[in-house]
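Here the structure comes first, spelled out in structure tokens, and everything after it is commentary.
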Amino acid sequence: MWDGTDEAQSINAIQTSIDEGISLIDTAPAYEQGVAEEIVGKAIKGRRDTVVLATKCGLVRRTQKGNHFFDIDGKPLHRYLGRDAIIYEVEQSLKWLGTDYIDH
């Protein structure tokens, strides 16, 4: 669903936005299975204190729990906000973003 992202161009766009005064970055682990958060993490490395990070959870691929949302490449995506899923997704986001806290 998200093929063709130029990582260097994306990092540059995020860093330029920060330089121009943008301070809120809103992302989610569901965006290409963490790729977006990895890119954001690379872009904010050394600048973490200048941005507010917001992430979301609730769209999961690793479990069949919850309600079927739609399929991506023949694999089901579910809406699920169980405790186990929230903890897992937050831990993944922290790792991918390269930080030890999320603001929102």
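What follows draws every value from the coordinates through simple rules; no lab data is involved. Keep in mind it's a predicted model, so treat the numbers as computed, not measured. FYI the Cβ positions are ideal-geometry reconstructions off the backbone, even for glycines, and counts take in every protein chain you see.
Observations
- If only residues of the stretch 92-102 that are within 12 Å of Ala28 (Cα to Cα) and not hydroxyl-bearing (Ser, Thr, Tyr) are counted, the one that is surrounded by the most Cβ atoms within 10 Å (Cβ to Cβ) is Leu97.
- Identity of the residue in the stretch 8-51, part of a loop (DSSP other than H, G, I, E, B) and touching a strand residue (DSSP E or B) at 6+ places or on another chain (Cβ under 9 Å), that ends up nearest to Asp103 (Cα to Cα): Val51
- Filter pass, Thr63 being over 23 Å from Leu24 (Cα atoms), among the β-branched types (Val, Ile, Thr) and not in a strand (DSSP E or B): yes
- Every residue from the stretch 44-88 that is surrounded by 14 or more Cβ atoms within 10 Å (Cβ to Cβ), among the β-branched types (Val, Ile, Thr) and either touching a His at 6+ places or on another chain (Cβ under 7 Å) or on the phi > 0 side of the Ramachandran plot (or both): Val60
- Candidate set from the stretch 36-72 (those that are charged (D, E, K, R), in contact (Cβ under 8 Å) with a residue 24 or more places away in the chain and out of contact with any Phe, Trp or Tyr (no Cβ under 7 Å at 6 or more places or on another chain)); member that is farthest from Asp6 (Cα to Cα): Arg62
- Filter result (out of contact with any Ser or Thr (no Cβ under 6 Å at 6 or more places or on another chain) and of a type in the set (D, E, K, R)) within the stretch 1-47: Asp3, Asp6, Glu7, Asp19, Glu20, Asp26, Glu32, Glu38, Lys42, Lys45, Arg47
- Taking each residue of the stretch 93-104 that is closer than 15 Å to Lys45 by Cβ and looking for partners that are among the charged types (D, E, K, R) and outside any loop (DSSP other than H, G, I, E, B) with beta-carbon atoms closer than 6 Å, six or more apart or interchain, yields Trp96/Glu37; Trp96/Glu38; Leu97/Glu37; Thr99/Arg48.
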